[in-house]
Amino acid sequence: MKSTNCIFANAGVTVFETMSQLAMATGAINLGQGFPDQLGPEKLRHVAAAAALDGPSQYPPMMGLPELRQAVAAHNKRFYGLDVDWQTEVLITSGATEALTDCMLALIEPGDEVVLIEPLYDCYLPMVKRAGAIPKLVRMAPPGWHLDLQALANAFSDKTKLILLNSPHNPAAKVFTAEELQAISDLLIQYDAYAVCDEVYEHITYDGRAHTPLMTLPGMRERSIRIGSAGKTFSMTAWKVGYLTAPSHLLSPISKAHQYVTFTTPRNFQAAVAVGLNQDDTYFHNLAVDLQAKRDRISDGLSAAGFDILPTDGTYFMSVDIRSVGFDGDDVAFCEMIARDAGVAGIPLSAFYQDGAVNHFVRFCFSKQNEVLDEAAKKLKAFFKPSP
Ligand code: PMP
Ligand code: GLN
């Protein structure tokens, strides 16, 4: 039989699904795949339920419900001072994943180069390659996650179509600095390239750090696409509502990709997310405050279990160095061991790299109930530091 497309034929099952399956099979506490263990804001669930009951039950507009596009534009203004035309500059997608896919399909011509920063969120590389681009990888490595600005500059060329930038960064938990954002924007102007900015953790930053969209830097409004996700901002990953903001000359082709990929997104969830984005500042403030307390809690717990932990400036992920508990195998073996023998699942960071060179760090998701975090820490401590 004829072969199928090699990018997907050769892809394994994504590490998030694999580790969730392992957690289920072993009964381990799942701190692997990133998702909160709560139902999400009750008010939004009521709106979604009422909209599902009352209808309409037919296709919403292709670009998204007007009330949600207006809410996205207002959110851009309130938090970042961006003036956005909701009719021509906002698109609603089925999660950030679809928004990213639409961007790759709409912006890339075969042979274009795309700059990507390792560690890489799972869908970036396959989708960039499937769109026909040549990936140019720049590496950040733990524990410092330093972005080498010279290496970044070397990755750009006249063939660069765009950079895919994730800040706050999963899994590095790094918030890119003003200097780094400036360096990126200088290169985008120099090479006349675009930025696809995955900002799904925009409201999850700690210790007073503010998230700065690249789009707010001088010269970037016309070159940047900003992507958010209700899954992260409202702790409801199952809802799969994404929102994309871009200048109209970029939104127009991206919306054409969207119309052929999904065309639209469930109406009732869109209606609820509009209510969510219009909530007052307290909601967004509390999201980060609550998660910061969880960050500190898991940090104490992992330290007590003997781990050297990496800083978490944003997102709900914390990584540890597995050598600090005396493990000398690789991160995949470590994750299999702790799921099976300690009863806790994590994600090996090697999954976010192409060549396996970074293989002794593991990521834990801490957007969980306090009791779950405490229980996971207790299990890890009992395993690595058993009391005599
Ligand atoms: N980008 C990053 C960096 C993520 O962590 C996630 C979370 N799953 C996504 C994109 C996808 O978001 P969504 O679930 O809205 O598709
Ligand atoms: N973003 C989530 C994580 O990093 C996983 C999302 C998914 O499984 N597709 O764990």
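The values are calculated or read from the model by the stated rules, or taken from the named source; none is laboratory data. Bear in mind that the values here come from a model prediction, so they are computed numbers and not experimental data. Reconstructed Cβ throughout: ideal geometry from the backbone, glycine too, with neighbour counts over all protein chains shown. Ligands, DNA and RNA are stripped out before the accessible areas are found, and what is left, the full protein with its side chains, is counted by its heavy atoms. Shrake-Rupley method; radii C 1.70, N 1.55, O 1.52, S 1.80 Å.
Odds and ends about this structure:
- Filter pass, GLY34 being within 16 Å of ligand 2 (Cβ to nearest atom), closer than 30 Å to ALA345 by Cβ, among the small types (Gly, Ala, Ser) and at pLDDT 95 or above: yes
- Inter-residue pairs, beta-carbon under 7 Å, first within 16 Å of ligand 2 (Cβ to nearest atom) and in the range 2-18, second at pLDDT below 95 and of a type in the set (S, T, N, Q), 6+ apart: none
- Boolean, SER57 is surrounded by fewer than 13 Cβ atoms within 10 Å (Cβ to Cβ) and of a type in the set (Ser, Thr, Tyr): yes
- Considering residues of the range 6-23 that are more than 16 Å from ligand 1 (Cβ to nearest atom) and surrounded by 12 or more Cβ atoms within 10 Å (Cβ to Cβ) only, the residue nearest to ASN268 (Cα to Cα): GLN21
- If you go through the range 19-60 and keep only what is in a helix (DSSP H, G or I) and either within 26 Å of GLU371 (Cβ to Cβ) or under 18 Å from the mean Cα position of the chain (by Cα) (or both), you end up with MET19, SER20, GLN21, LEU22, ALA23, MET24, ALA25, THR26, GLU42, LYS43, LEU44, ARG45.
- Within the range 185-207, the set of residues being within 16 Å of ligand 2 (Cβ to nearest atom) and either closer than 15 Å to ASP158 by Cα or part of a loop (DSSP other than H, G, I, E, B) (or both) comprises GLU199, VAL200, TYR201, GLU202, HIS203, ILE204.
- Qualifying residue in the range 69-86 (condition: of a type in the set (Phe, Trp, Tyr), within 16 Å of ligand 1 (Cβ to nearest atom), open to solvent by 50 Å² or more (accessible area, probe 1.4 Å) and modelled with pLDDT of 95 or more): no
- Looking across the range 255-276, the residues that are in contact with a Ser or Thr (Cβ under 7 Å, 6 or more places away or on another chain) and either surrounded by fewer than 17 Cβ atoms within 10 Å (Cβ to Cβ) or of a type in the set (S, T, N, Q) (or both) come down to VAL261, THR262, THR265.
- The set of residues in the range 106-150 being in a helix (DSSP H, G or I), more than 19 Å from the chain's Cα centre (by Cα) and either within 20 Å of ARG223 (Cβ to Cβ) or within 13 Å of ligand 1 (Cβ to nearest atom) (or both) consists of ALA106, LEU107, LEU149.
- Yes/no for VAL289 being modelled with pLDDT of 95 or more and farther than 21 Å from GLY356 by Cβ: yes
- Residues within the range 227-241 that are buried (at least 24 other Cβ atoms within 10 Å of the Cβ) and either at pLDDT below 95 or within 10 Å of ligand 2 (Cβ to nearest atom) (or both), tallied: 2
- Residues satisfying the stated conditions in the range 277-302, i.e. of a type in the set (Gly, Ala, Ser) and either open to solvent by 40 Å² or more (accessible area, probe 1.4 Å) or under 26 Å from VAL196 (Cα atoms) (or both): ALA288, ALA293
- Qualifying residue in the range 306-315 (condition: touching a helix residue (DSSP H, G or I) at 6+ places or on another chain (Cβ under 8 Å), at pLDDT 95 or above and open to solvent by 40 Å² or more (accessible area, probe 1.4 Å)): yes
- Flag for LEU162 being in a strand (DSSP E or B) and without any contact (Cβ under 8 Å) to a residue 60 or more places away in the chain: yes
- Lone unmet requirement of (1) free of Cβ contacts under 8 Å to residues at least 12 places away in the same chain; (2) within 16 Å of ligand 1 (Cβ to nearest atom) for SER319: (1)
- Filter result for LEU181 (outside any loop (DSSP other than H, G, I, E, B) and either under 29 Å from ASP308 (Cβ atoms) or open to solvent by 30 Å² or more (accessible area, probe 1.4 Å) (or both)): yes
- Meets criteria (within 16 Å of ligand 1 (Cβ to nearest atom), within 23 Å of TYR316 (Cβ to Cβ) and surrounded by 11 or more Cβ atoms within 10 Å (Cβ to Cβ)) for LEU44: yes
- Filter result for PHE366 (within 16 Å of ligand 2 (Cβ to nearest atom), in contact with a strand residue (DSSP E or B) (Cβ under 8 Å, 6 or more places away or on another chain) and closer than 22 Å to GLY27 by Cα): yes
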